[in-house]
Amino acid sequence: KSLITITNMSKSYELGGETVKALQEISLQINEGDFISIIGPSGSGKSTFMNMIGCLDQPDTGHYLLDNQEVNKLNDNQLAAIRNVKIGFIFQNFNLLGKLTALENTELPLVYRGLGTKERREIAMNCLGKVGLSDRLNHIPSQLSGGQQQRVAIARALAGNPPVLLADEPTGALDSRTSQEVLGMLKELNARGQTIILITHDLEVAKAASRVVRIHDGRLYEDGGVWLESERI
Ligand code: ADP
Ligand code: ADP
């Protein structure tokens, strides 16, 4: 079943009288249960595309269908609402609140949704269990390793039960062993049915996904892994 259909999406920025074409006629389809990587070098359009997929910004032209909703027709408030329900964000720098425990951080999206304490706690504990942190519920971020902090962030992203996990350089702040651990976790979640989109500049990281597409100068190419191997970038 199709979860994301992006058609002919373009986005330009005006900079000092010049037009920068950040996305050029991008089309992409993602099915439920896919694990896809979008790989590209700095300046290729990754952040711009992530902002579109994550409903943080709107393209100039093109269509975006997310879980049967037409994103390109929404205003800013509707965009924020759909983002909070449909997308679980994972960032390079974890973005955890330093004074809150692992459990409290994981509960945050559920607080915004107005769930009661008991229900929140139950869901958060379940999500922290999924990432193997049941024994770290009451630790604050500074008491956790980088890998553990990223696992809390994954648990937080899962708490809202979003159809899509959107991971932006999720291993960018981690050493290579810990990176593999976190990527293994994402693979495991995908094996249990979670749709995942991973954005990275690193081919080794991209390979965790079952499908790799390449973005270059704002254009999207399928079989990104093959391309990059042959070019030895
Ligand atoms: P990446 O995330 O792959 O580094 P970006 O999406 O950030 O790529 O950028 C794509 C292109 O758009 C680059 O040429 C960049 O300089 C340009 N760009 C991105 N954001 C802006 C902006 N707010 N204003 C002007 N140009 C921008
Ligand atoms: P609102 O627009 O409702 O005030 P926010 O803009 O604070 O909400 O954020 C809504 C969601 O989007 C949050 O889950 C947050 O993690 C995510 N988000 C906010 N800013 C960014 C960003 N720059 N990049 C990626 N995700 C973001």
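For L56 and K207, compute 0.36 nm times the residue count separating them, minus their Cα-Cα distance, and round to one decimal in nm. Please report the intermediate quantities before stating the final value.
Values: separation 151, 0.36 × 151 = 54.36 nm, distance 2.61 nm.
Difference between extended and current length: 51.8 nm.
For the charge dipole of the chain, defined by +1 on Lys and Arg C-beta atoms and -1 on Asp and Glu C-beta atoms about the Cα centroid, which residue among L66, S47, G116 has the Cα displaced farthest towards the positive pole?
Ranked along the dipole, the leading option is G116.
Can you say what percent of the DSSP beta bridges in the chain, counting only those with both residues inside, are antiparallel? Round to 5.
Values: 20 of 38 bridges.
Antiparallel bridges make up about 55 percent of those DSSP assigns within the chain.
Rank V20, V213 by accessible area, highest first, at a 1.4 Å probe radius? Please report the intermediate quantities before stating the final value.
Numbers: V20 65, V213 0 Å².
Greatest to least solvent exposure: V20, V213.
Contour minus end-to-end for S10 and S42, with contour as 0.36 nm per residue of separation and end-to-end as the Cα-Cα distance? If you can, show how the numbers build up before the last one.
Values: separation 32, 0.36 × 32 = 11.52 nm, distance 1.83 nm.
Working it through step by step, the gained length comes to 9.7 nm.
What's the longest piece of the chain with no exposed GluC sites (Glu not before Pro), counting a site as exposed if DSSP puts it in a loop and it has at most 15 other beta carbons within 10 Å? If you can, show how the numbers build up before the last one.
Working: sites that count: E32, E222.
Counting only loop sites that pass the neighbour cut-off, the longest clear stretch is 33-221.
Which distance in Å, rounded to a whole number, links the C-alpha centroids of the range 61-77 and the range 1-34?
12
Within the chain, what whole-number % of the accessible surface is contributed by carbon and sulfur, with the 1.4 Å probe and all protein chains included in the calculation? All intermediate terms of the calculation are to be shown ahead of the outcome.
On the way: 5340 of 11380 Å².
Here carbon and sulfur together make up 47 percent of the probe-accessible area.
When you have a sec, figure out the Kirkwood radius of the chain from all distinct Cα pair distances and drop it here in Å to one decimal? Numbers along the way, then the final one.
Values: mean 1/r = 0.0548 Å⁻¹.
Mean inverse Cα-Cα distance, inverted, gives 18.2 Å.
Taking 7 Å along the Cα-to-C-beta vector as the label spot, tell me the S2-E122 distance in nanometres, rounded to one decimal.
3.7
Mean residue ellipticity at 222 nm from the helices of the chain, using -39,500 (n - 2.57) per DSSP H segment of n ≥ 4 over the full residue count, to the nearest 500 deg cm²/dmol? Please report the intermediate quantities before stating the final value.
Working: 8 runs with 86 residues, N = 233.
Computed mean residue ellipticity for the chain: -11000 deg cm²/dmol.
Given charges of +1 on the Cβ of Lys and Arg and -1 on the Cβ of Asp and Glu, with all other atoms neutral, how large is the dipole of the range 176-219 about its Cα centre, in debye to the nearest 20?
So the dipole magnitude of the range 176-219 works out to roughly 160 debye.
The values are calculated or read from the model by the stated rules, or taken from the named source; none is laboratory data. Everything numeric here is computed off the predicted structure, so don't read it as measured data. Don't worry about glycine lacking a Cβ; one is built from the backbone with ideal geometry, like all the others, and counts go over all protein chains shown. Note: accessible area is taken over every heavy atom of the protein model, side chains too, but ligands, DNA and RNA are not part of it. Shrake-Rupley method; radii C 1.70, N 1.55, O 1.52, S 1.80 Å.
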